[in-house]
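Undergrad: Questions regarding the structure given below will be posed in turn.
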Amino acid sequence: MTETAGPDQVAGPERVASAEQIGLSAREAAAPVAPQPAVAPQAAVAPQAAAVKSPGRDAASWARKVERLEVDPREGVRGTNVAGRRLTGPVQGFGKMWQKSYRMNVGSKIEPEQAIATWKEHFPEFWPKGNRFAGALTGINPGDVALLDLAIGGGVKLSTGVFVLYADAESFTLMTPQGHMFAGWITFAAEREGDDTVVSAQVLMRANDPIYELGMTFGGHKKEDKFWAATMVALGHRLGVPDPKVATTTTCVDSKRQWRNAGNIWHNSAIRSVFQTIAAPVKSLGRMLRHDKGDGKQASKGAT
Amino acid sequence: MGAPVITMDVRRIGDEVAVVDIKGEVTAACEPVLMSAYEAASDGKTSRLVLNFAGLEYMNSGGIGMLVTLLVRANRQRQQLAAYGLSDHYREIFELTRLDEAITIYDSEESALNGVAR
């Protein structure tokens with residue numbers, strides 16, 4: 001792993017991370033022109049109204065604004081800790097702000113669009129064993145909410161989700177809700193570098209609350225690095241790369257913790273998932289008892 | 001990586017306020033341009049920085065990430081960051097990513113300058 005000194009470690013203007021490090025996809029700018037929604041009628045009638053501008057050509061790639069997440073139940077995941085939650089970006093997080101980049105050269109034969117199409121289509125299949133990503137049946141599109149069950153040890157699955165913030169032919173970005181381990185987003189992109197195509201996962205995040213920050217400090221970052229490296233190696237194999245290698249770069253963008261957001265702990269999905277795991281057998285026992293009671297009543301009705 | 005299709009001009013309004021006029025495409029690729037504009041705008045005693053997005057033509061998730069990094073730098077220098085000139089679409093993106101909670105959005109340059117002067 002290459003540890004890059006971030007703005008906090010290096011003095012002077014050059015301390016800002018490079019475009020590649022911050023960049024989530026430079027080639028997104030060259031993406032095909034998205035179909036534009038119809039121009040608002042009042043703009044056509046009154047073009048002098050400067051406040052009414054046509055939507056940008058990226059309009060179709062961005063999700064529409066949501067206040068709180070809405071989810072449909074999905075097969076195979078618990079699906080808790082997502083409905084009604086707000087999205088959280090690095091501004092709303094608690095811990096130090098990190099920028100991480102996982103990059104893999106997939107060779108010259110695979111086009112960036114092809115790599116991203118495969119990644120979108122098979123996204124859950126690339127996840128390491130024990131973790132589950134339940135997305136929409138239609139794939140990964142702006143505004144979709146996916147439900148996650150993540151293995152955190154001790155037989156507990158952390159139930160949370162992600163929101164598809166942005167998606168085009170060469171990249172897609174997932175943003176996290178309240179209660180997720182981190183507040184921020186992760187962009188999956190592919191671009192040509194010389195003759196080769198390079199795929200990348202780029203994370204911009206803060207731990208969401210003090211407990212997660214502690215967890216990230218003591219092994220969480222390493223675990224996350226392993227998770228995304230394993231995911232990308234699986235993608236590499238799917239794309240036919242004989243020996244996929246992932247280069248990881250980590251930059252601390254802001255070493256300050258945002259104590260004003262310490263209250264995020266209230267939404268902590270790990271804590272809630274532990275309680276939900278403990279409560280699950282009790283709940284199902286209660287359901288069974290109610291069911292038996294109902295059957296008993298029906299049986300006695302039948303007898304009379 | 002192609003050359004960024006963007007220009008950023010800095011205008012000083014008195015000693016403490018600088019306006020950055022952004023024209024073109026805000027993507028991760030234009031990070032060096034934005035950071036040089038920031039350096040130019042931060043000369044002297046600048047305590048308030050206003051970003052003019054009236055000329056914004058395109059922005060992707062990389063561009064939003066770059067604005068977050070700019071925000072961190074401005075916070076470190078105890079500078080206030082504001083924006084104006086956003087179309088409804090880009091204003092919605094600021095709200096969706098909750099960047100509007102850290103960068104105050106105004107409707108016009110006049111209201112932005114009045115707002116940051118407070």
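Undergrad: I'm trying to understand the selection: among the residues of region A:257-285, which are within 24 Å of B:ARG76 (Cβ to Cβ) and part of a helix (DSSP H, G or I)?
TA: Correct list: A:TRP259, A:ARG260, A:ASN261, A:ALA262, A:GLY263, A:ASN264.
Undergrad: Could you please let me know if B:GLY2 is more than 12 Å from the chain's Cα centre (by Cα), at positive phi and either modelled with pLDDT under 95 or more than 7 Å from chain A (Cβ to nearest Cβ) (or both)?
TA: no
Undergrad: Just to be sure I understand, how many residues within region A:57-71 are loosely packed, with under 12 Cβ neighbours inside 10 Å and at pLDDT below 85?
TA: Within region A:57-71, residues that are loosely packed, with under 12 Cβ neighbours inside 10 Å and at pLDDT below 85 number 0.
Undergrad: Just give me the residues in region B:97-118 being within 12 Å of chain A (Cβ to nearest Cβ), surrounded by fewer than 18 Cβ atoms within 10 Å (Cβ to Cβ) and either outside any helix (DSSP H, G or I) or touching a Pro at 6+ places or on another chain (Cβ under 9 Å) (or both), in sequence order.
TA: Scanning region B:97-118 gives B:ARG98, B:ASP107, B:SER108.
Undergrad: What is the residue count in region A:237-261 for residues that are more than 27 Å from A:THR217 (Cβ to Cβ) and of a type in the set (A, V, I, L, M)?
TA: Number of matching residues: 2.
Undergrad: If you don't mind, another one. Taking the criterion of being free of Cβ contacts under 8 Å to residues at least 60 places away in the same chain, more than 12 Å from chain A (Cβ to nearest Cβ) and within 14 Å of the chain's Cα centre (by Cα), would at least one residue in region B:81-96 satisfy it?
TA: Checked region B:81-96: at least one residue is free of Cβ contacts under 8 Å to residues at least 60 places away in the same chain, more than 12 Å from chain A (Cβ to nearest Cβ) and within 14 Å of the chain's Cα centre (by Cα).
The rows are residues; the columns are (1) aliphatic (A, V, I, L, M); (2) out of contact with any Ser or Thr (no Cβ under 9 Å at 6 or more places or on another chain); (3) buried (at least 20 other Cβ atoms within 10 Å of the Cβ); (4) modelled with pLDDT of 90 or more.
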site	(1), (2), (3), (4)
A:LEU137	yes, yes, no, no
A:ALA151	yes, yes, no, no
A:PHE163	no, no, yes, yes
A:TYR166	no, no, yes, yes
A:THR187	no, no, yes, yes
A:GLU193	no, yes, no, yes
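Undergrad: Could you tell me which of the residues A:GLU121, A:GLU125, A:GLU113 is without any contact (Cβ under 8 Å) to a residue 40 or more places away in the chain, away from every other protein chain (no Cβ under 14 Å) and among the acidic types (Asp, Glu)?
TA: A:GLU121
Undergrad: Also, I was wondering about something else. Hand me the list of strands (runs of 3 or more DSSP E) wholly inside region A:80-157 holding 1 or more residues that are of a type in the set (Phe, Trp, Tyr).
TA: Because the criterion is at least 1 residues that are of a type in the set (Phe, Trp, Tyr), the strands (runs of 3 or more DSSP E) in region A:80-157 that meet it are A:97-107, A:132-134.
The values are calculated or read from the model by the stated rules, or taken from the named source; none is laboratory data. A quick note: this is a predicted structure, and the numbers were derived from the prediction, not measured. Here Cβ is always computed from backbone atoms with ideal geometry, including for glycine, and neighbour counts include all displayed protein chains.
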